[in-house]
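The values are calculated or read from the model by the stated rules, or taken from the named source; none is laboratory data. Only a predicted model underlies this, so the values are computations on that prediction, with no experimental measurement involved. FYI the Cβ positions are ideal-geometry reconstructions off the backbone, even for glycines, and counts take in every protein chain you see.
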């Protein structure tokens, strides 16, 4: 019954008939012969040399992915990375800040000599330039240390082991095990983490990974966390243990973030994104010796410079906005002060203050500039006092602004949980093409942030 | 099949040596289209980067290339466009990555397909090679990670491999660029016809072959211009829903149009990958 003109329907009908004739083990037979051929050819062209090397990969994997030691080793590595970052970044940060303030001072003096109007000098040097200087000195050293170490782990092949160790946790919360991988990418940049969720096939699980990626602190937020941990947590310990305690605090914050990732995934699975976790195979690649040159290139050029450049692009306008807010007076009180006063009750309720919330509003384009923004508002841009070391920041925050341990703890929590930055929001939109999910992705973290900090502040005040 | 006699040490004297130029994404027109396929984590992105000079993100974990990246290089005044397909273990299942890869191989009509394989896990990687050979004739197998194989005490006989597959096999270490000159030259030779390929297609059981033979002319009539009706026939006999639907909706022809349309925006894609 061969038809003269074959339309697709006839082709399919004929194919179905033939399929029934052949029997339904077709796929098995094809795959079986495929594997047999592959094996035959491989056997003929691969010869195992006499001196077969020690199989290090398996030995190492038995330890780093073991049910008992896997997680502690992971936490240890994480703590070590933060510790090195904290210890290493302190001095260069201070040196950078000092040189920037020398430049600022000299430039202001020069402009004054030239007779440039005070408001232009102020706008450029005390506004825009100071914003840039803060961002570069606070962010560059930690990034230049953190990113190469992170890239080494990635090149080495450790990330899939992390996914392997965490798989059961994600599966229990109804999410995909590969979410551990995209979460790890989020440490670098949440926008990159959101893009990386493409490795997850199931739309439901991919959406969960997108919506919860923000709960791991990205590199833009690490400097904030590291600074607060150093100033408040570290300082509460004897000097010998200060950096260790600070590193421990940052690890603690990261763990809380992972906890919220799991909690949010679990909640989404039980409510709007119901479904079962799908199975997948995860290949543990061989450990490879990282190529140092490429690591430096990837981590310094692709990551550090990229993030820094973005921070600079947003810091300059933010510096300008702050300067304008601080220098336009309405009825004798600056706009910055008025906005901060307006936000004060809300800030107090969640254990922070109005200035911090104002800084978060101004810093929506990029999380990196929250601390610089905050400090600039606190100091009042008109003043020329330069704050270059962590000790001075500590004095300013505790003695002048009345910060307590509660402020520091809640700021770390708020920084961890609050809404994603503008770039991440745009990326969520690009990946989901859905206004609904973009909104949920932006607001859900904010709700978490307010709820958690409010709860902590309330309980803290009850007992303090 | 004949292979070019280029050897490792002959590289410097090879006419291609001085003429390989990385073109990045700045290629408007191109002379030849080359697809890059392979299992995940075989160093495919390293091969891509080394040839094009681009910096697609490389990381030692499976499935990190989330977008189809494109770039180019020139060799002996000819421009080659290189398309990096997502890493897949096979072309048989319905995952998105596998579909992208096989659609490109079927309808993108690359002039040559380079399948990157891991020299330390040849058997698993050959599954994909054999499946690619079902779809297209002009294939070069890039046996990458030769350094790791050597370290593990494995000797890979690429001549024997090449003979058994019926297509050239080139040993490489993409990270150090070892063997890449030979690779691009072999690709050029396959495209120009200086090297002819005769891929092995292990015969299927006779009743399957009969069914395929009967379906092929029907498919060719209903979707004219389809490059590999035999493969489509095999997919239909397997009850592949995507291929069924594609045939019904006339998508098989549409796909062809989509794939041959110029793809821009590549620079932005590459930039995004660098952000990780």
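The set of residues in the range A:102-131 being crowded, with 21+ Cβ neighbours inside 10 Å and closer than 19 Å to residue A:392 by Cα consists of A:126, A:130, A:131.
Checked against (1) at the interface with chain B (Cβ under 7 Å from one of its Cβ atoms); (2) at pLDDT 80 or above; (3) under 45 Å from the mean Cα position of the chain (by Cα), residue A:60 passes all but a single condition, namely (1).
Answer with yes or no whether residue A:246 is closer than 30 Å to residue A:457 by Cβ, part of a helix (DSSP H, G or I), within 14 Å of another protein chain (Cβ to nearest Cβ) and touching a residue at least 60 places away in the same chain (Cβ under 8 Å). Spell out how you get there, then give the answer.
Numbers: closer than 30 Å to residue A:457 by Cβ: yes; part of a helix (DSSP H, G or I): yes; within 14 Å of another protein chain (Cβ to nearest Cβ): no; touching a residue at least 60 places away in the same chain (Cβ under 8 Å): yes.
When the stated conditions are applied, residue A:246 does not pass them.
Residue check: is residue A:23 modelled with pLDDT under 90, touching a strand residue (DSSP E or B) at 6+ places or on another chain (Cβ under 7 Å), loosely packed, with under 13 Cβ neighbours inside 10 Å and at the interface with chain B (Cβ under 10 Å from one of its Cβ atoms)? Against the criterion (modelled with pLDDT under 90, touching a strand residue (DSSP E or B) at 6+ places or on another chain (Cβ under 7 Å), loosely packed, with under 13 Cβ neighbours inside 10 Å and at the interface with chain B (Cβ under 10 Å from one of its Cβ atoms)), residue A:23 does not qualify. For the range A:347-365, the criterion of being modelled with pLDDT under 80 and within 14 Å of chain B (Cβ to nearest Cβ) is met by no residue.
In the list A:354, A:332, A:347, which residue meets the criterion of being free of Cβ contacts under 8 Å to residues at least 60 places away in the same chain, farther than 27 Å from residue A:183 by Cβ and exposed (fewer than 14 other Cβ atoms within 10 Å of the Cβ)? So that I can check it myself, show each step before the final result.
Working: A:354 fails: exposed (fewer than 14 other Cβ atoms within 10 Å of the Cβ); A:347 fails: exposed (fewer than 14 other Cβ atoms within 10 Å of the Cβ).
Only one candidate passes the filter, namely A:332.
Scanning the range B:125-152 for residues that are assigned to a loop (DSSP other than H, G, I, E, B) and more than 11 Å from residue B:201 (Cβ to Cβ) yields B:136, B:138, B:145, B:152.
Condition check: closer than 30 Å to residue B:90 by Cβ, touching a helix residue (DSSP H, G or I) at 6+ places or on another chain (Cβ under 7 Å), modelled with pLDDT under 80 and surrounded by 14 or more Cβ atoms within 10 Å (Cβ to Cβ). Does residue A:277 satisfy that? So that I can check it myself, show each step before the final result.
Numbers: closer than 30 Å to residue B:90 by Cβ: yes; touching a helix residue (DSSP H, G or I) at 6+ places or on another chain (Cβ under 7 Å): yes; modelled with pLDDT under 80: yes; surrounded by 14 or more Cβ atoms within 10 Å (Cβ to Cβ): yes.
Answer is yes for this residue.
Among the residues of the range A:44-54, are any over 30 Å from residue B:217 (Cβ atoms), touching a residue at least 60 places away in the same chain (Cβ under 8 Å) and within 42 Å of the chain's Cα centre (by Cα)?
So far as the range A:44-54 goes, no, none of its residues is over 30 Å from residue B:217 (Cβ atoms), touching a residue at least 60 places away in the same chain (Cβ under 8 Å) and within 42 Å of the chain's Cα centre (by Cα).
Kindly establish whether residue B:82 is free of Cβ contacts under 8 Å to residues at least 40 places away in the same chain, crowded, with 22+ Cβ neighbours inside 10 Å and either assigned to a loop (DSSP other than H, G, I, E, B) or not assigned by TED's automatic domain parsing to the domain that holds residue B:239 (or both). So residue B:82 fails the test.
Selection of the range B:153-170 for residues being assigned to a strand (DSSP E or B) and either surrounded by fewer than 21 Cβ atoms within 10 Å (Cβ to Cβ) or more than 7 Å from chain A (Cβ to nearest Cβ) (or both) yields B:154, B:155, B:169, B:170.
Residues A:289, A:294: which one is part of a loop (DSSP other than H, G, I, E, B), out of contact with any helix residue (DSSP H, G or I) (no Cβ under 7 Å at 6 or more places or on another chain) and at pLDDT 75 or above? Before you say what the answer is, go through the steps one by one.
Details: A:294 fails: part of a loop (DSSP other than H, G, I, E, B).
Answer to the selection: A:289.
Is it true that residue B:269 is modelled with pLDDT of 85 or more, crowded, with 16+ Cβ neighbours inside 10 Å and within 22 Å of the chain's Cα centre (by Cα)? No; evaluated as a whole, the condition is false for this residue. Considered as a group, the residues in the range B:201-227 that are closer than 22 Å to residue A:31 by Cβ and within 8 Å of chain A (Cβ to nearest Cβ) include one that is surrounded by the most Cβ atoms within 10 Å (Cβ to Cβ), and that residue is B:211. Can you confirm whether residue A:261 is away from every other protein chain (no Cβ under 14 Å), crowded, with 17+ Cβ neighbours inside 10 Å, more than 18 Å from the chain's Cα centre (by Cα) and not in a loop (DSSP other than H, G, I, E, B)? The answer is no for residue A:261.
For the range A:300-329, give me the residue count where each residue is more than 28 Å from residue A:359 (Cβ to Cβ) and crowded, with 18+ Cβ neighbours inside 10 Å. Looking only at that region, the number is 1.
Would you call residue A:43 surrounded by 13 or more Cβ atoms within 10 Å (Cβ to Cβ) and within 14 Å of chain B (Cβ to nearest Cβ)?
For residue A:43, the condition - surrounded by 13 or more Cβ atoms within 10 Å (Cβ to Cβ) and within 14 Å of chain B (Cβ to nearest Cβ) - is not met.
What residue, among those in the range B:68-98 that are touching a strand residue (DSSP E or B) at 6+ places or on another chain (Cβ under 9 Å) and at pLDDT below 80, is farthest from the other protein chains (Cβ to nearest Cβ)? So the residue we want is B:69.
Going by what's in this entry, would residue A:298 be described as in contact (Cβ under 8 Å) with a residue 40 or more places away in the chain and more than 13 Å from chain B (Cβ to nearest Cβ)? Taking the combined requirement at face value, the residue does not satisfy it.
Among the helices (runs of 4 or more DSSP H) confined to the range A:119-232, the ones with at least 1 residues that are more than 23 Å from residue A:291 (Cα to Cα), within 14 Å of chain B (Cβ to nearest Cβ) and in contact with a helix residue (DSSP H, G or I) (Cβ under 8 Å, 6 or more places away or on another chain) are located at A:158-172, A:179-188, A:190-196, A:203-212. Comparison of A:36, A:15 shows that the only residue that is modelled with pLDDT of 85 or more and either facing chain B (nearest Cβ under 7 Å) or not in a loop (DSSP other than H, G, I, E, B) (or both) is A:36.
Looking across the range A:281-295, the residues that are more than 7 Å from chain B (Cβ to nearest Cβ) and surrounded by fewer than 16 Cβ atoms within 10 Å (Cβ to Cβ) come down to A:281, A:289, A:292, A:293.
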